[in-house]
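The values are calculated or read from the model by the stated rules, or taken from the named source; none is laboratory data. Predicted, not measured: the structure shown is a model, and the values here were computed from it. All Cβ positions, even for glycine, are placed from backbone atoms using ideal geometry, and neighbour counts span all protein chains on display.
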Amino acid sequence: MMHVSMSDSVNAVQDRYARFTPEIPTDPNASAEAAAAAAAREILMRQYLGQKARIDEAFAMTLASVPDGPATGAAVSVSPAAVRPTLVQCSTSAGRRVQVRPAVNWPT
């Protein structure tokens, strides 16, 4: 979930690749790094409720390496649009059984 949300957030900024959720609005003025960090933070905060302080610390360290300005603020506002559909998709498919197939060993 985290990586899908991060990818969608970055692609909402850079608009290079297909997104998991194509209806996310793009914002080319936002920072891709800050968008990825914000998306990761959103997912991690929902998955690891007891780790809020550590997640916030890692998020602050990441944002410290990104130049401060309107691009950072724009990126932080892009990420919730990428996170929401991923959470909905994962929560509705959580009850489905996933078929696990054995790995194939190819002769060398």
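Values computed for the structure shown
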read-out: Residues of segment 24-79 that turn out to be among the aromatic types (Phe, Trp, Tyr) and not in a helix (DSSP H, G or I), as a count; value: 1
read-out: Which numbered condition PRO28 fails, given (1) within 18 Å of THR86 (Cβ to Cβ); (2) free of Cβ contacts under 8 Å to residues at least 24 places away in the same chain; (3) not polar (S, T, N, Q); value: (1)
read-out: Filtered residue count, segment 45-68, keeping only those that are surrounded by 13 or more Cβ atoms within 10 Å (Cβ to Cβ) and at pLDDT below 90; value: 3
read-out: Positions within segment 8-36 being closer than 20 Å to VAL88 by Cα and either aliphatic (A, V, I, L, M) or in contact with a Phe, Trp or Tyr (Cβ under 7 Å, 6 or more places away or on another chain) (or both), in sequence order; value: ASP8, VAL10, ASN11, ALA12, ALA18, ILE24, ALA35, ALA36
read-out: All positions within segment 1-23 that are aliphatic (A, V, I, L, M), in contact with a Ser or Thr (Cβ under 8 Å, 6 or more places away or on another chain) and farther than 13 Å from VAL76 by Cα; value: MET1, VAL4
read-out: Top-ranked residue of segment 73-104 - restricted to ones that are of a type in the set (Gly, Ala, Ser) and farther than 19 Å from ALA36 by Cα, ranked as modelled with the highest pLDDT; value: SER91
read-out: Members of segment 1-44 that are more than 22 Å from ALA64 (Cβ to Cβ) and either crowded, with 17+ Cβ neighbours inside 10 Å or of a type in the set (D, E, K, R) (or both); value: MET1, VAL4, SER7, ASP8, ASN11, ALA12, ASP15, ARG16, ARG19, THR21, GLU23, ILE24
